[in-house]
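Please treat every number below as a calculation from the coordinates, not as lab data. Since the structure is predicted, the reported quantities are computational estimates derived from the model, not experimental observations. Every residue, glycine among them, receives a Cβ derived from its backbone with ideal geometry; neighbour counts consider all protein chains shown.
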Amino acid sequence: MSTQKRILIMNRGEIAARIAKACRELGHTAVGVWTDNEVQAKHLEVCDEWVHLKGSNNQETYLNIPKILELCREYKIDGVHPGYGFLSENTEFSQTLVKNGITWIGPHPEAVRVMGDKAVSKEFAQKNGIPVVPGSTGAIPTIEEAIKIANQIKYPILLKAVAGGGGRGMRVCQNDQDIRNNFEAVQRESAAAFKNGDLLVEKYIVNPHHIEVQILADKKGNVFHFFERECSIQRRHQKIVEEAPSPFIGEDENLRQRVCQSAVQLAKAINYDSAGTVELIMGEDKEFYFLEMNTRIQVEHPITEEITGIDLIVCMIQSAFGDDLGIPSQEWIKRTGHAIECRICAEDPITMLPAPGFVTGCETNFPQGIRFDNCLYKGLNVTPDFDPMVGKLVAKGIVRDVAIRKMRAALDGLLIEGLKTNIPLHKVIMNEETFIKGKYSTAYITTIKPQEKVNLSMDYTSIYKKIAGVEARRMGL
Amino acid sequence: MRTYLIDSDKNEYIVDLTKTRAHSAEMVEFEFRTIKDNQELNKETVFIRKLADQYFASTDGVKWNKLARQDSPSILLNVDRVFKLYRGYKPSTLGGDNVGGLFTQMPGKVVKIMAQVGEKVAKGQTLLILEAMKMENEIKSGLDGVVKAIHVKSGDALENGILMMEVEEA
């Protein structure tokens with residue numbers, strides 16, 4: 001057992017709470033932050049110390065490197081866990097911390113730099129044995145240049161931010177006119193989200209599967225994989241349902257080994273030393289290409305934890321401080337059962353557009369075997385300043401059918417009142433034939449259109465029950 | 001007690017609580033009916049029971065579902081429709097006709113205005129780009145017409161329900 005450290009959690013919501021729990025388990029001090037417009041930051045309830053980060057927009061708070069460094073000095077912070085999003089893949093931030101003698105709970109800055117740049121990372125992957133999707137070799141400065149490359153590699157193409165991630169700063173273009181219409185918007189989006197407006201062009205693979213491999217490494221050169229996840233159900237290039245293992249890879253252990261081993265090979269090549277994810281795109285022919293490597297913990301990490309029993313956040317912290325992970329070998333890591341995650345978002349279930357608002361009520365009534373990582377509470381104000389995701393519902397079953405069955409029951413038992421959520425959409429997906437058969441690709445939302453199967457008729461009984469509940473309360477029941 | 005449910009498209013449903021019967025200190029029976037355009041659409045009885053400091057609801061007194069505890073909600077949700085709830089009264093000022101008016105559907109920031117006052121625009125043409133939830137949303141004209149007024153400028157941070165632009169039918 002190493003000495004007690006003071007860990008600053010530079011994030012909010014469910015992931016901040018998740019990290020705080022890991023810190024406390026390890027005996028470290030979890031230092032949480034709150035900003036001017038998040039006075040009721042629920043993640044603080046599991047933090048040991050609460051620090052006020054003055055300011056009301058992200059530039060002044062979660063993205064403000066000098067101010068965060070100041071906080072680290074003032075509160076004698078030993079290590080910083082960035083979570084996901086915000087500065088989690090910002091080399092300027094990690095290098096600044098390291099220079100100031102503060103441990104960065106993430107990979108070494110060089111790995112973040114190489115993998116954080118889509119063009120550089122593709123070149124690196126190709127050199128290290130993973131094929132890449134054809135496209136531009138670097139940032140495209142002009143619309144004309146983008147059109148030229150698009151015509152060389154043939155439409156459809158994807159226009160995306162060099163520094164992108166999380167589905168922001170990406171558009172599919174079918175022709176020259178699409179590029180002309182979208183180029184500036186994508187540039188602006190990426191400049192706003194990542195402080196970098198550089199774009200690249202690559203071939204868009206039709207009906208692909210999004211497969212990713214969870215990597216965990218320590219500072220002694222040990223690199224392990226924790227099998228794959230399939231995250232093909234996406235809207236606007238953002239995942240909404242993920243599962244592990246991948247139903248597309250299925251029983252093909254040979255393919256699974258090839259996929260996982262190439263991820264390990266890549267991580268080894270960059271001397272990776274933390275938790276990370278190698279994202280791959282797999283065509284209908286089961287050929288796979290390197291997409292990107294996320295040098296941080298990911299939203300969907302719980303499903304891997306559920307099937308392997310590992311605590312990825314705990315291991316990430318141990319690795320950062322040079323501690324032993326307690327994993328003897330790759331063969332020692334086993335997976336059992338099947339896990340599914342539904343991202344619960346404050347959004348319209350049909351249009352899937354964000355729908356901010358106040359949570360006026362929230363209760364759960366789950367079956368056995370459900371994990372719900374969330375930041376929900378009665379009174380929560382979901383603002384447009386942050387991502388609309390408010391929780392992650394994770395169901396684990398001994399086989400996939402059982403996991404789906406549990407998820408259906410869990411969705412029925414998740415009651416969120418006051419704002420629109422995508423729960424009705426998840427209910428449709430969990431009962432939809434293509435999903436049940438496990439035969440879906442990233443085209444699922446656009447071709448199967450589960451959003452159109454959401455029952456929109458007035459549910460009088462449910463309305464009466466809600467009004468009756470309020471009346472009963474008024475009566476003093 | 002009469003409750004008015006009004007959604008963003010100004011559909012109005014009236015839910016009347018027609019009968020209340022307390023069965024015990026833990027259980028109450030309520031009878032409701034829904035009226036829309038002077039027609040009764042539905043009538044049902046529900047039971048509410050308190051159990052372990054939680055409220056449960058039932059239609060038959062046999063099968064029970066947990067309810068999310070709400071204090072005095074002003075919003076009620078039915079799948080993708082958000083109803084404003086008015087208990088015992090109907091608000092008199094529910095806006096006017098807004099055909100051709102572009103209102104914000106969610107809070108956001110104006111990134112770029114792509115039309116000018118007096119400009120002829122086509123249905124579906126992008127008039128404004130609004131950034132909300134870190135996404136750029138194209139706000140399109142709902143009709144063929146002429147831009148009558150622009151009430152916002154680039155960089156403005158807007159609340160929900162703000163009139164951004166008006167388009168007059170040509």
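Miscellaneous remarks
- Ranked list, fewest to most other Cβ atoms within 10 Å of each Cβ, for B:Val167, B:Val121: B:Val121, B:Val167
- A simple packing score, the average count of other Cβ atoms within 10 Å per residue, orders the peptides A:419-425, A:186-192, A:152-158 as A:419-425, A:186-192, A:152-158, with the highest score first.
- The stretch between B:Glu168 and B:Lys43 holds 40.7 nm of extra length on full extension. This uses 0.36 nm per residue minus the Cα-Cα distance.
- Gyration tensor verdict on chain A (Cα atoms; rounded if a/c is under 1.5, prolate if a/b is larger than b/c, oblate otherwise): rounded
- Cross-link table B:Lys10/B:Lys109; A:Lys449/B:Lys140; B:Lys43/B:Lys66; A:Lys268/A:Lys437; A:Lys406/B:Lys43; A:Lys239/B:Lys66, entries beyond 28 Å C-alpha to C-alpha: A:Lys268/A:Lys437; A:Lys406/B:Lys43; A:Lys239/B:Lys66
- In percent, rounded to a whole number, the relative contact order of region B:1-81 is 17, using alpha-carbon pairs under 8 Å and six or more apart.
- Modelled this way, with points 7 Å down the Cα-to-C-beta line, the labels at B:Ser8 and A:Ala191 are 2.9 nm from one another.
- Region A:134-203, relative contact order in percent, only Cα pairs under 8 angstrom and at least six apart counted: 44
- Neighbouring Cβ atoms from other chains, within 10 Å of the Cβ of residues in A:354-363, number 6 on average.
- Residue order, fewest to most beta carbons within 10 Å, for B:Ile48, A:Ile398: A:Ile398, B:Ile48
- Take each residue of peptide A:187-196, count the partner chain Cβ atoms within 10 Å of its Cβ, and average: the result is 2.
- What you get for chain A, charging only the Cβ of Lys and Arg (+1) and of Asp and Glu (-1), is a dipole of about 460 debye around the Cα centre.
- Gap separating the Cα centres of region B:1-64 and region A:243-269, nearest whole Å: 53
- C-alpha center-to-center spacing [region A:8-62, region A:337-360] in angstrom: 23
- Applying 1/(1 + (r/R0)^6) with R0 = 30 Å to the Cβ-Cβ distance of A:Asp459 and A:Val172 gives a FRET efficiency near 0.25.
- DSSP-loop GluC sites (Glu not before Pro) across region B:1-66, with at most 13 other Cβ within 10 angstrom: B:Glu26
- Each residue, B:Lys50 and B:Lys84, gets one label point 7 Å from its Cα in the Cβ direction; the gap between the two is 3.2 nm.
- In this label model, A:Asp311 and A:Ile333 are separated by 1.8 nm, measuring between points 7 Å along each Cα→Cβ vector.
- Measuring r between the beta carbons of B:Gln125 and A:Glu60 and using R0 = 41 Å, the FRET efficiency lands at 0.70.
- Each Lys and Arg Cβ is given +1 and each Asp and Glu Cβ -1; about its Cα centre, region A:6-105 then shows a dipole of about 140 debye.
- Euclidean distance between Cα centres, region A:285-334 to region B:96-170, Å: 46
- Each Cα pair under 8 Å and six or more residues apart adds its separation to the average, and for chain A the resulting relative contact order is 13 percent.
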